[in-house]
Structure formats: C-alpha cells, structure tokens
Amino acid sequence: LGISAGIAMDSTNVVGIRLGSDITKSTAGAWAAGSGQNGMADSVTIGNNTWYHVFAGLADGVGDVFIDTSVTGANAPSEFTYFRRIGSFKTDGSAQIINFVQDGDSFSWVTPVVDINVTSSGTSAVTRTLASVPTGVRVQAQLNVLNTNGNVGSVEVVYVSDLSQTDSAPGGLSFVSISPTVNASGGTQRSAGSVSVWTNTSAQIRSRQALGDATSTLAILTRGWIDRRGRN
C-alpha cells in the first residue's frame, strides 16, 4: 500500500502528524517502523474479502502508518501514541488489495462494481447493503442506478435514499434525478442516473420502486465513495 507525504492532525485534533516523504507498507505481517516494512496492527492479519482502515500516526515520535480492521485503531501498535484514520481499502478473494484511486476525500474503484442486481422487489422500502463501500463509518456512496420495467405504458421510478432520512414513496421529485421513460408499445423502459447517497456504518442504503413487479429490474453500480475521514 502506498501513502503520499502529507500532514494531518491526530484524531483528537491536538497533535500534528507529518509524513515527510511517501511511504509504503506491506500487508504481509506485523507492523515494523519505516517505509517498505510490514504494516499490520497488533493481532491483525490480512484476509479475504475484508475491509481494512489505514492510519497515519506518530510511532515513537516519528510519522508512520499502520493498517487495522478497527475503524478507531483499537489494535494500534504500542509505539503509536497519536494517530488518525486517513482511508480504507478492501481485499479480494485472494487477500490482495483491490485497486482504487484516492484524491483527498474521494475514493474511486479502478473497476466499478455492481453491488445490487435484483428483480421483483415490490413497492416497499428495501435496505440494501453495498459491499463496495467501507463499513464502520458513514460515507457518501457514488452510484450509478439502472431501473427497468417491461410493462406497456408503465412508469417505473426508484427512490434511493439515506436510511436516516424519512422513507418516501417514489414519484414526483423523490426519484432522485433518475428520469423515467414510458413504454408506448411493449419495449423495455429504462431509466438511469448517477446518485450520491450517505450510507450508515453497515454500508447500507434504502431503495424503493414504484412498481417493483416481475418485469422490474434494479441494478446499482458502485463507482466509489466520499469519506470525510473524521474531519467534520
């Protein structure tokens, strides 16, 4: 894992942390000081299909980085007295880091992932879990949403929302910028759009369709996420 040089305050906003140069850390073993060394927190090992959180901190007074499964750095090596989370990553089925690009608070998958692809969801609100955004922290998921329906003359719209918001039936202004088209003669209606939705700490959002019948399909592709990383 590569981490660029930079400056941040620790999680208590009291002590400054400085990485004077770019640093790399390996997921191969327990943390050791310095660039090019292993970076795993105490009792933490790399695993398959798992989210990890990256922390910059001061290890015996020197800027360094460790990797933890805890979003609060609960397993920080004893050398770290001050630290803060600067990002998160996920491993694949072979315990390799899935490629992503970070620009400040913006994290983008090199290859976006279809997290939801369902039919016949009905008209009630459904809680959806996005496997491709971090858990343990609220983030703003960056999504592409595709909604289809095969009924002649149908108008299928979908409302995608934050679970902390009040649930609302889709229609009018509450279909979240996804403009529907109407079937005139048996073709499949398709409506699609880009949506930004805040998740809860379990990487969940809400979706609700106007029709949700056997001809309806809902697909949600995750492009990435915005993570404020404790700055607010």
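The values are calculated or read from the model by the stated rules, or taken from the named source; none is laboratory data. It should be emphasised that the depicted structure is a prediction, and the values quoted were computed from it without experimental measurement. In this analysis, Cβ positions are derived from the backbone assuming ideal geometry, glycine residues included, and neighbour counts consider all displayed protein chains. Side chains are part of the model used for accessible areas, which takes the heavy atoms of the whole protein and leaves out ligands, DNA and RNA. Shrake-Rupley method; radii C 1.70, N 1.55, O 1.52, S 1.80 Å.
For the stretch 57-96, report the translational diffusion coefficient in µm²/s to the nearest whole number, using Stokes-Einstein at 10 °C, 1.306 mPa s, and a Kirkwood Rh over Cα pairs.
On the way: Rh = 11.2 Å.
For the chosen part, D equals 142 µm²/s.
For R128, the residues whose amide H sits under 5 Å from its own are I205, R206, S207, ignoring neighbours fewer than 5 places away on the same chain, with H placed 1.01 Å from N.
Mean 1/r over all different Cα pairs, inverted: what Kirkwood radius does the stretch 34-121 give, in Å?
Details: mean 1/r = 0.0691 Å⁻¹.
Computed over the stretch 34-121, the radius equals 14.5 Å.
The charge dipole of the chain, taken about the Cα centre with unit charges on the Cβ atoms of Lys, Arg (+1) and Asp, Glu (-1), comes to about 360 debye, rounded to the nearest 20. Sort out for me the Cα centre separation of the stretch 193-232 from the stretch 1-15, rounded to whole Å. Distance between centres, Cα-based: 29 Å.
Rank D10, D22 by accessible area, highest first, at a 1.4 Å probe radius? Before the final figure, lay out the partial values.
Working: D10 5, D22 105 Å².
Putting D10, D22 in descending order of accessible area: D22, D10.
With N residues in the stretch 72-174, what two-decimal value do you get for its Cα radius of gyration over 2.2 N^0.38 Å? Write out the running numbers ahead of the final one.
Working: Rg = 18.5 Å, N = 103, 2.2 N^0.38 = 12.8 Å.
Ratio of Cα Rg to 2.2 N^0.38 Å: 1.45.
As a ratio to 2.2 N^0.38 Å, the alpha-carbon radius of gyration computed for the chain takes the value 1.20. To the nearest 10, the accessible area of L221 is 50 Å² with a 1.4 Å probe.
A probe of 1.4 angstrom, applied to the heavy atoms of all protein chains, finds R206 with accessible area near 20 square angstrom. A simple charge model with +1 on the Cβ of Lys and Arg, -1 on the Cβ of Asp and Glu and nothing else charged puts the dipole of the stretch 69-140 at about 180 debye relative to its Cα centre. Computed with every protein chain present, the accessible area of R18 is close to 150 Å² [probe 1.4 Å]. Using C-alpha pairs under 8 Å with a sequence gap of at least 6, the mean separation divided by the residue count of the chain gives a relative contact order of 20 percent.
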